[in-house]
Amino acid sequence: TELLSDVSDIQQSLLESGGFRGGVGNGWIKASASDVFLRPDEKIVLDYLCRGMTNKEIAGLVRFSQNRVEQHLTSMYRKVKVTNRTALVRWAISAGYSS
């Protein structure tokens, strides 16, 4: 639990400083998971996405078609107001959906 606390402190510090290299923005945003409703299937896809998996890998693990995974990603991009998977992962970390 001490390690998780340290990780949380580091994430908060990164958010406040603007990311790994500093500077305003840098893709990191303060967000709350309660601000966005994700369906259970979207949360599963997001979890695997945050682990660095490709759409094809995610589809194989959860037994969705690749098209279905892409539909879930597109839906999450719209809900979170981002345009790519990297920004979605950054949002997920900021919002506490992933560590």
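Here, each number is a calculation from the coordinates, and none is a lab measurement. Remember, predicted model here, so these are calculated numbers, not experimental data. No Cβ is skipped: glycine too gets one built from the backbone with ideal geometry, and neighbour counts run over all protein chains shown.
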Checklist line | Separation of the Arg51 and Asn67 label points, Cα + 7 Å toward Cβ, nm | finding: 2.6 nm
Next item on the list: Report the percentage of all Cα-Cα pairs in segment 33-99 whose separation exceeds 17 Å, rounded to a whole percent.
Entry: 30 percent
Next item on the list: Would you kindly state how much longer the chain becomes between Ala87 and Lys43 on full extension, computed as 0.36 nm times their sequence separation minus their alpha carbon distance, in nm to one decimal?
Entry: 14.3 nm
